[in-house]
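The values are calculated or read from the model by the stated rules, or taken from the named source; none is laboratory data. Keep in mind it's a predicted model, so treat the numbers as computed, not measured. Cβ: placed from backbone, ideal geometry, glycine included. Neighbour counts: every protein chain shown. The area values use the complete protein model at the heavy-atom level, side chains included, leaving out ligands, DNA and RNA. Shrake-Rupley method; radii C 1.70, N 1.55, O 1.52, S 1.80 Å.
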Amino acid sequence: RNMIRRWVLSLLKTVRKFFGEAIVVTQEIDDIIDSPIVKQSIINNSDCKILLDQRKYINKFDQIQKMLGLNSQQKAQILSINLNNHPQRLYKEVWIDLGGTHSGVYATEVSYSEYLAYTTEEKEKLKLEQLTLEFDGDVELAIKALVEQRIQ
């Protein structure tokens with residue numbers, strides 16, 4: 001365990017020495033909460049933190065808040081993510097903290113064609129898959145057709 005922690009810490013320091021940035025991404029909050037290696041080696045050396053909607057972890061959020069060193073304002077910002085999104089726009093919100101001095105919730109909005117290409121919404125995925133089959137497997141044409149249908 002200690003060897004892994006030292007290796008990760010060394011990697012982070014080496015990357016910074018050469019003006020790079022190491023990026024760590026996880027979808028499992030327990031990976032962060034349960035790992036002293038992650039906490040000590042990665043989080044303590046992170047100037048920028050980005051969180052998506054955390055409401056499904058509301059029961060664990062006190063642990064998350066403590067581990068990330070968040071104040072009550074930052075906690076409120078994070079727990080407000082995606083609560084009041086405009087129903088006619090295709091965007092999700094994200095919380096960004098820069099060095100513990102500036103933090104806020106920002107909207108990330110993409111074009112409808114980009115949305116269709118990356119959505120995980122089952123209804124849209126099925127519609128796109130069906131149309132793709134009609135266009136002999138050409139996803140790009142299927143997306144263009146869906147965009148055109150939306151415009152009309």
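From the residues in segment 66-90 that are at pLDDT below 90 and under 17 Å from the mean Cα position of the chain (by Cα), which one is least open to solvent (accessible area, probe 1.4 Å)? Looking at the filtered set, the residue picked out is Leu68.
If I filter segment 37-47 for residues that are modelled with pLDDT under 75, loosely packed, with under 13 Cβ neighbours inside 10 Å and closer than 24 Å to His102 by Cβ, do I get at least one hit? The answer is yes; a qualifying residue exists. Residues of segment 103-152 that are open to solvent by 100 Å² or more (accessible area, probe 1.4 Å), within 30 Å of Ile42 (Cα to Cα) and modelled with pLDDT of 95 or more: Tyr106 alone.
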